[in-house]
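Colleague: Please find one structure pasted underneath; my questions will follow.
The numbers here are math on the coordinates, done by the rules we state, and not lab data. Small disclaimer: the values here were computed from a predicted structure and weren't measured. Here Cβ is always computed from backbone atoms with ideal geometry, including for glycine, and neighbour counts include all displayed protein chains.
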Amino acid sequence: MILCPQIQNIVFNNPINFQTHVPQEVHDKPPLTIEQLREIFKRYDTDNDGQLSEEELKSAFRYLGSHFSYYRAVMARFCADSDKDGCINLKNDEFSALVSYAHSCGYKVKTCYNFA
Ligand SMILES: [Ca+2]
Ligand SMILES: [Ca+2]
């Protein structure tokens, strides 16, 4: 490709750094609030039994952007499943404990750069 000298000058003196060029808005996303997390988890009770099963938890964490949704689902049950039935009850303290746990992970408004 032949460029006129003026263009060449611009191109070679202003290299674009693709490694560090991440759109600014990705960094500016605020973390999800407790209220937003509650709504998201409720949506993932897909069989509407008032409980979040392991599969439903994994799907919710995947939606939140977790690359380790299995681990997060295990940890969430460890922190929140107080009656140890394997599910998170959406109608009692288990749900609040789950939401606090997810909140502590600092998930942000959906981006593809969340590696939590
Ligand atoms: Ca369910
Ligand atoms: Ca339970």
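Colleague: Can you confirm whether Gly106 is touching a Ser or Thr at 6+ places or on another chain (Cβ under 8 Å) and assigned to a loop (DSSP other than H, G, I, E, B)? Outline the logic, then answer.
Modeller: Values: touching a Ser or Thr at 6+ places or on another chain (Cβ under 8 Å): no; assigned to a loop (DSSP other than H, G, I, E, B): yes.
The answer is no for Gly106.
Colleague: Please determine whether any residue of region 42-60 is within 15 Å of ligand 2 (Cβ to nearest atom), crowded, with 16+ Cβ neighbours inside 10 Å, outside any loop (DSSP other than H, G, I, E, B) and among the aliphatic types (A, V, I, L, M).
Modeller: yes
Colleague: Hey, can you tell me all the residues within region 94-105 that are more than 13 Å from ligand 1 (Cβ to nearest atom), of a type outside the set (A, V, I, L, M, F, W, C) and under 18 Å from Arg43 (Cα atoms)?
Modeller: Residues satisfying the conditions are Ser96, Ser100, Tyr101, His103.
Colleague: If you take the residues in region 69-90 that are part of a loop (DSSP other than H, G, I, E, B) and surrounded by 14 or more Cβ atoms within 10 Å (Cβ to Cβ), which one is farthest from ligand 1 (Cβ to nearest atom)? Give the derivation first.
Modeller: Step one: of region 69-90, the residues part of a loop (DSSP other than H, G, I, E, B) are 81-87, 90.
Adding the requirement that they be surrounded by 14 or more Cβ atoms within 10 Å (Cβ to Cβ) leaves 81, 87, 90.
Numbers: Asp81: 13, Cys87: 7, Leu90: 8 Å.
Checking each candidate, the answer is Asp81.
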